[in-house]
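Quick notes on the structure that follows.
The values are calculated or read from the model by the stated rules, or taken from the named source; none is laboratory data. Because the structure is a prediction, the values reported are computed rather than measured. Methodologically, a virtual Cβ is constructed for each residue, glycine included, from the backbone with ideal geometry; neighbour enumeration extends over all protein chains shown. Accessible surface areas use protein heavy atoms only, side chains included; no ligands, DNA or RNA. Shrake-Rupley method; radii C 1.70, N 1.55, O 1.52, S 1.80 Å.
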Amino acid sequence: MKAITWLVLSALAMVPCEAALLAGTEPKEWPADPSRHVVSIERVFQNESEAALITAAEHVAPNEKELAVEAQKQDPAAKLVAKQWWYQESLGVKIPFTLTVEAVSYYSELVHGFGKQKLVRYTSPTSRFSYKASVSKHNSIQHGGLTFTKVTVVTLTMSFREHFVTTMTEGMDFTKVREVVFDADGKVLFTRGDGATEVPIMAI
């Protein structure tokens, strides 16, 4: 048995927590175990029209200029690629600027891949990706000082966690929410939620 130190390094601040590995603790080999690496994807809709709006929302590209600004804060030489949705990497994992179908595929494949790996770690490596897309209708909604009426909002929500998978002593846990707002004709009016994502990094 061992005691674990969690040192939490927030994207905005460093917050230390107490505890430590006991002296003499050695890592062990953990076999591949898909049951400890879970993917959950849910798209909730009432009819084909709502299903189509979810698909459309998942394909709305971010503002390239805003994405480039965030990416270049991390790497001044950063260049965007086609359908880019991330703005940096941490512990070898892409961090979302926005949430698109490409992001959903990336995290799903990443976690499924983790479940196939045999790793040497101090404690059991685990990971999880969950995603939900849902549709709601609103008589009115405000944005940027304006009021929009008779709109449909597609809300895309994800959470990602990996503990001791990409490195021996670190882990991360973060969420991302994006709203895509459509008018009565199915035209995108605006999106909300794009931007930098706070990603606490935990270390032992």
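List of remarks:
- Candidates are the residues of the stretch 70-84 that are surrounded by 12 or more Cβ atoms within 10 Å (Cβ to Cβ) and of a type in the set (A, V, I, L, M); the one that is nearest to Ser105 (Cα to Cα) is Leu80.
- With a requirement of 2 or more residues that are within 13 Å of Lys94 (Cα to Cα) and of a type outside the set (D, E, K, R), the strands (runs of 3 or more DSSP E) lying completely within the stretch 159-204 that satisfy it span 170-182.
- Matching option when the condition is open to solvent by less than 40 Å² (accessible area, probe 1.4 Å) and not β-branched (Val, Ile, Thr), among Ala133, Ala196: Ala133
- Entry remark, the stretch 92-103: residues being open to solvent by less than 10 Å² (accessible area, probe 1.4 Å) and in a helix (DSSP H, G or I) number 1 in total.
- Only one of Tyr87, Tyr106 that is open to solvent by 40 Å² or more (accessible area, probe 1.4 Å) and of a type in the set (Phe, Trp, Tyr): Tyr106
- Some residue of the stretch 38-60 being under 16 Å from the mean Cα position of the chain (by Cα), of a type in the set (Val, Ile, Thr) and part of a loop (DSSP other than H, G, I, E, B): no
- Residues of the stretch 115-130 that are open to solvent by 50 Å² or more (accessible area, probe 1.4 Å) and either at pLDDT below 95 or of a type in the set (A, V, I, L, M) (or both): Val120 alone.
- Considering residues of the stretch 13-65 that are at pLDDT 95 or above and of a type in the set (S, T, N, Q) only, the residue nearest to Trp85 (Cα to Cα): Asn63
- The stretch 170-192 - residue that is surrounded by 17 or more Cβ atoms within 10 Å (Cβ to Cβ) and over 11 Å from Val153 (Cβ atoms) and, of those, farthest from the chain's Cα centre (by Cα): Glu170
- Lone qualifier among His163, His112, His143 - being open to solvent by 40 Å² or more (accessible area, probe 1.4 Å), without any contact (Cβ under 8 Å) to a residue 60 or more places away in the chain and of a type outside the set (Lys, Arg): His143
- Checked against the criterion of being under 20 Å from Ile201 (Cα atoms) and either under 16 Å from the mean Cα position of the chain (by Cα) or of a type outside the set (A, V, I, L, M, F, W, C) (or both), the stretch 79-87 contains one or more residues that satisfy it.
- So Ala51, is it open to solvent by less than 30 Å² (accessible area, probe 1.4 Å) and either under 17 Å from Gly193 (Cβ atoms) or of a type in the set (Val, Ile, Thr) (or both): no
- Scanning the stretch 62-73 turns up no residue that is aliphatic (A, V, I, L, M) and over 20 Å from Arg178 (Cα atoms).
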